[in-house]
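A short worksheet on the structure shown next.
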Amino acid sequence: MRSIGELARASGLTVSALRFYDRSGVLAPARVDPVTGYRWYTDEQVAPARLVAGLRRVGMPLAGIAEALRHRAEPAVVGRLLDAHLRRLEDGLADARRELSRIRVLLDPEETPMTTRIVLSRVDLAAAVDAVRFAVGADPELPVLSGVLLDVEADGVRLVATDRHRLALARTPGRVDGPAVRALLPVDAVDEVRALLDTGAGVTPEAQLTLAGLDVTVSVAGRAVTATALPYDFPDYRRLLHRAAGAAPARRIPVDGPALRAALRDGGAPTVTRDHDGVPLAVTVLGLDESDGLRLLGPDDLTADSGELRVGVNGGYLLDALDAAGGPQLVLELDGPIAPLAIRRLDDEDAFSILMPIRL
């Protein structure tokens with residue numbers, strides 16, 4: 001048996017916190033001395049106490065801590081609790097940033113944000129929007145993914161979108177005047193910008209992108225779309241890139257884009273059914289033929305474990321990525337059954353998509 005002080009030292013909780021969690025019914029001692037009222041704990045209670053300490057440090061509400069303890073043998077359940085709490089923290093941080101911005105203006109009304117202007121090709125910008133638009137998230141509980149990131153660099157701007165299951169990137173070179181900045185453009189504004197870029201066809205080859213604080217403006221031929229950037233920190237997409245360090249993929253497979261799109265679109269491509277969160281999901285399985293070309297595998301091809309390369313993906317997501325990439329010749333980069341799949345154009349290495357695999 002451990003005294004309350006010993007458990008406090010072993011878990012990182014204070015003695016007063018352990019008393020509070022006992023009174024709350026979250027972490028009751030194994031034994032309470034009937035005479036002195038002193039609390040005693042077993043060695044098996046150290047791990048739960050450490051879990052409580054960790055959740056307490058990240059501000060998990062008492063009810064959430066209690067539920068996490070009840071389900072600590074079910075990682076998936078606890079994982080959902082942690083994800084929900086993280087979203088609350090992110091929303092709270094975004095609210096705090098907005099309020100602090102208002103406070104700064106109150107303190108210094110004359111303070112003006114730094115402005116960055118980029119002149120770029122209207123056609124290239126339209127192509128970049130088309131290359132990433134399909135990957136914008138639509139989950140209302142993840143507003144940070146509900147737009148396209150504009151990541152301005154020294155010689156252009158990179159567009160990035162992700163919904164956690166897929167990630168799309170495209171880059172447009174341009175003449176940059178101002179500091180490197182980032183802005184998360186709401187999806188409605190992205191669609192307005194895309195329509196504006198079409199109106200400039202035959203009028204001007206250039207578009208101007210202006211970023212000043214949270215204000216984003218795209219101008220083409222005297223017309224403009226202005227929007228307020230979303231006040232969220234977009235995920236660090238560079239860390240999400242599977243080959244950010246430049247490691248070569250296991251396989252680079254040239255494919256006929258139109259033929260593969262047609263096979264996926266008309267329903268003629270074979271699929272296998274897998275359970276996904278309790279719902280049957282048709283999975284497209286990519287493999288190799290005898291000449292190391294791409295082959296779509298069916299259920300009969302998966303009956304034996306031959307050790308061959310097999311990658312399962314959502315066929316609809318793959319079709320979206322192929323449509324966004326366009327072009328007759330594409331390259332699929334495969335690293336294995338649990339590694340992301342990359343889709344690239346042969347003529348544009350800066351525009352590509354990444355799909356998360358589905359375990360077979």
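The values are calculated or read from the model by the stated rules, or taken from the named source; none is laboratory data. Since this is a predicted model, take the numbers as computed values, not measurements. Cβ coordinates were reconstructed from backbone atoms using ideal geometry, including for glycine residues, and neighbour counts include every protein chain displayed. Please note that ligands, DNA and RNA were not included when accessible areas were found on the heavy atoms of the full protein model with its side chains. Shrake-Rupley method; radii C 1.70, N 1.55, O 1.52, S 1.80 Å.
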(message) Going residue by residue through the stretch 37-44, is there one that turns out to be part of a helix (DSSP H, G or I) and surrounded by 17 or more Cβ atoms within 10 Å (Cβ to Cβ)?
(response) no
(request) Please determine, by comparing only the residues of the stretch 66-78 that are part of a helix (DSSP H, G or I) and free of Cβ contacts under 8 Å to residues at least 12 places away in the same chain, which one is farthest from the chain's Cα centre (by Cα). (result) ARG70
(request) Return the only residue of ARG87, ARG70, ARG104, ARG117 being of a type in the set (Lys, Arg), at pLDDT 90 or above and in contact with an Asp or Glu (Cβ under 9 Å, 6 or more places away or on another chain). (result) ARG117
(request) Determine which member of the set ALA321, ALA351 is over 18 Å from LEU288 (Cβ atoms), modelled with pLDDT of 90 or more and among the small types (Gly, Ala, Ser). (result) ALA321
(message) Out of ALA180, ALA127, I need the residue that is open to solvent by 10 Å² or more (accessible area, probe 1.4 Å), among the small types (Gly, Ala, Ser), farther than 26 Å from LEU346 by Cβ and in contact (Cβ under 8 Å) with a residue 24 or more places away in the chain. Which one?
(response) ALA180
(message) Among the residues of the stretch 326-357, what is the count of those that are open to solvent by 20 Å² or more (accessible area, probe 1.4 Å), in contact (Cβ under 8 Å) with a residue 40 or more places away in the chain and touching a Ser or Thr at 6+ places or on another chain (Cβ under 9 Å)?
(response) 1
(message) Which numbered condition in (1) outside any helix (DSSP H, G or I); (2) loosely packed, with under 14 Cβ neighbours inside 10 Å is the only one that ALA63 fails?
(response) (1)
(request) Among the residues of the stretch 137-174, count how many are surrounded by fewer than 14 Cβ atoms within 10 Å (Cβ to Cβ) and either in contact with a Gly (Cβ under 9 Å, 6 or more places away or on another chain) or under 20 Å from ASP347 (Cβ atoms) (or both). (result) 2
(message) Restricting to the stretch 306-338, give me the number of residues that are under 19 Å from the mean Cα position of the chain (by Cα) and of a type in the set (Asp, Glu).
(response) 1
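One line per residue, one yes/no per condition, for (1) hydrophobic (A, V, I, L, M, F, W, C); (2) closer than 30 Å to ASP91 by Cβ:
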position: ARG158; (1), (2): no, yes
position: ARG164; (1), (2): no, yes
position: THR172; (1), (2): no, no
position: VAL187; (1), (2): yes, yes
position: GLU206; (1), (2): no, no
position: LEU211; (1), (2): yes, yes
position: VAL216; (1), (2): yes, yes
position: ARG223; (1), (2): no, no
position: ASP233; (1), (2): no, yes
(message) Among the residues of the stretch 80-94, are any surrounded by fewer than 17 Cβ atoms within 10 Å (Cβ to Cβ) and assigned to a loop (DSSP other than H, G, I, E, B)?
(response) no
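Listed here are the residues, each with its yes/no results for (1) at pLDDT 85 or above; (2) more than 30 Å from GLN208 (Cβ to Cβ); (3) surrounded by 11 or more Cβ atoms within 10 Å (Cβ to Cβ); (4) not hydroxyl-bearing (Ser, Thr, Tyr).
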residue	(1), (2), (3), (4)
TYR237	no, no, yes, no
HIS242	no, yes, yes, yes
ALA248	no, yes, no, yes
VAL255	yes, yes, yes, yes
ASP266	no, yes, no, yes
ASP301	no, yes, yes, yes
ALA304	no, yes, no, yes
GLY307	no, yes, no, yes
